[in-house]
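Report on the structure given below.
Read-outs throughout are calculated quantities, based only on the coordinates presented, and are distinct from any laboratory measurement. The model shown is predicted, which means the values in this text are computed figures rather than measured ones. Heads up, the Cβs are rebuilt from the backbone with ideal geometry, glycines too, and the neighbour counts pull from every protein chain shown.
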Amino acid sequence: MQTFIENMPKAELHVHLEGTLEPELSFALARKNNVELGYATPEELVAAYDFYDLPSFLTIYYGAMKVLQDEADFYQLTWNYLSKAYSQNTVYAELFFDPQAHTSRGVDFGVVIRGIRAAQEDAESKLGVKSQLIMCFLRDMSAESAMEHLLMAEPYRAWLVGVGLDSDEKNNPPVKFAAVFKKAREMGLKLTMHCDVNQQNTLLHIGQCLDDIEVDRIDHGVNSLESDALCDAIKARGLGLTVCPVSNRFVVQSLTSAEIRRMLDKGMLATINSDDPAYFRAYLNENLVELQREGNFSNEEIATLVGNAFRVAWLPAQEKNTYL
Ligand code: ADE
Ligand code: ZN
């Protein structure tokens with residue numbers, strides 16, 4: 001089964017580029033940029049990864065970003081992830097990035113997106129790994145800041161496929177960003193939002209994603225299973241759910257294999273993703289292998305989950321069909 005998974009051409013739709021920052025790259029960039037990390041070795045840094053919920057993870061995730069300073073750093077981060085994707089037979093990826101986490105440290109928006117874009121172009125021409133970029137807004141920052149960043153992105157519109165919403169969900173509902181997402185839709189961008197596992201008011205947030213924002217996809221969305229009405233709406237609209245098994249384990253102590261099987265049984269378009277693989281120590285193959293073991297999924301079920309990622313990818317139908 002492991003070989004079956006490793007050999008399949010795969011797509012990943014939920015991976016935060018900043019969440020692919022491996023400890024070894026952190027150390028190399030810290031040395032280059034004269035940044036003090038506070039740990040003697042990459043192993044010591046990994047040993048300090050102590051997260052058990054979303055806020056405890058986010059503190060470590062944002063803190064580590066201080067090593068990312070110039071265009072070459074964002075290039076290296078993106079190139080390393082896409083090379084890893086290549087090594088795992090991940091042939092297509094939709095990449096999240098968090099510009100506000102960089103502009104708030106004084107790093108120019110253009111520096112971030114130009115570095116990422118150059119690596120995407122090189123990965124496509126040299127490795128054959130195609131990718132598209134999704135700009136995320138940090139939901140614990142203001143709607144005004146999100147709108148400012150959407151305007152900053154206008155000159156780079158052609159480099160984006162969509163926008164997303166991430167960071168701390170508590171007291172930051174989808175409707176807080178209704179005007180920003182409306183403008184993004186008018187710019188022709190696709191829309192997605194995180195509804196992380198077991199967050200406060202999660203069913204309300206999923207409902208707002210569907211009815212107020214009219215998203216094109218939902219990131220995570222596992223708790224939708226608690227409501228038949230939400231499941232029916234997600235299914236009727238053909239919305240993909242980007243589920244992240246190893247990421248979920250840090251919050252609910254399970255890979256949510258039972259929930260993923262229920263989604264498949266209901267005909268919902270669940271996909272499997274790595275979220276923040278450098279932190280959770282699992283890229284796409286490891287997520288699929290561990291999930292298969294926990295849920296005893298058949299080859300056919302794994303093929304459906306992998307196929308779903310191509311089905312709900314933001315690619316033209318003709319291009320998707322070449323993978324299906
Ligand atoms: N930012 C990076 N990973 C995230 C996640 N899983 N949920 C919310 N925000 C994030
Ligand atoms: Zn995420």
task: Report, in debye and to the nearest 20, how large the dipole of the chain comes out about its Cα centre when Lys and Arg carry +1 and Asp and Glu carry -1 on their Cβ.
output: 640 debye
- prompt: In whole Å, what are the Cα extents of segment 2-313 along the three principal axes, biggest one first?
  reply: 52, 45, 38
query: Under a point-charge model restricted to the Cβ atoms of Lys and Arg (+1) and Asp and Glu (-1), what is the dipole moment magnitude of segment 58-204 relative to its Cα centre, in debye to the nearest 20?
result: 280 debye
field: Largest-first principal axis extents, alpha carbons of segment 133-198, Å
entry: 35, 22, 15
message: Going by amide H atoms built from the backbone, whose H comes under 5 Å of the H on K190, apart from near neighbours?
response: G162, V163
- request: Calculate, in nm to one decimal, what E44 and V252 gain on full extension: separation in residues at 0.36 nm each, minus their alpha carbon distance.
  value: 72.3 nm
task: May I ask you to compute the full-extension gain from R261 to M1, defined as 0.36 nm times their residue separation minus their alpha-carbon distance, rounded to one decimal in nm?
output: 91.9 nm
message: Over 26 Å apart: what share of the alpha carbon pairs of segment 1-116 falls there, rounded to a whole percent?
response: 24 percent
- prompt: If we sort 175-181, 76-82, 35-41, 138-144 on the protection proxy, mean other Cβ atoms within 10 Å, highest first, what's the order?
  reply: 76-82, 175-181, 138-144, 35-41
message: Can you sort M152, M263 from fewest to most other Cβ atoms within 10 Å of each residue's own Cβ?
response: M152, M263
- request: Tell me what the chain gives for mean residue ellipticity at 222 nm when only DSSP H runs of n ≥ 4 count, each as -39,500 (n - 2.57), the sum divided by the residue total, rounded to 500 deg cm²/dmol.
  value: -14000 deg cm²/dmol
- request: Could you run the Karplus curve 6.51 cos²θ - 1.76 cosθ + 1.60 with θ = phi - 60° over segment 86-101 and give me ³J(HN,Hα) per residue in whole Hz, x for Gly and Pro?
  value: 4, 5, 9, 6, 8, 9, 8, 9, 9, 9, 7, 9, 10, x, 5, 6
message: Looking at the chain as a GNM with Cα springs under 10 Å, which of L269, L95, L225 has the largest mean-square fluctuation?
response: L225
- request: Write down Rg/Rh for segment 97-170, rounded to two decimals, with Rg from the C-alpha atoms and Rh from the Kirkwood relation over Cα pairs.
  value: 1.00
field: Cα pair distances of segment 195-237 binned at 10 Å [whole percent]
entry: 31, 64, 4
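Report the relative contact order of segment 2-313, percent, no decimals, based on alpha-carbon pairs under 8 angstrom and at least 6 residues apart. Before the final figure, lay out each step's value.
Numbers: 526 pairs, mean separation 61.4, N = 312.
Dividing the mean separation by the residue count of segment 2-313 yields 20 percent.
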task: For a quick protection proxy, order the peptides 277-284, 232-239, 54-61 by their average other-Cβ count within 10 Å, most packed first.
output: 277-284, 54-61, 232-239
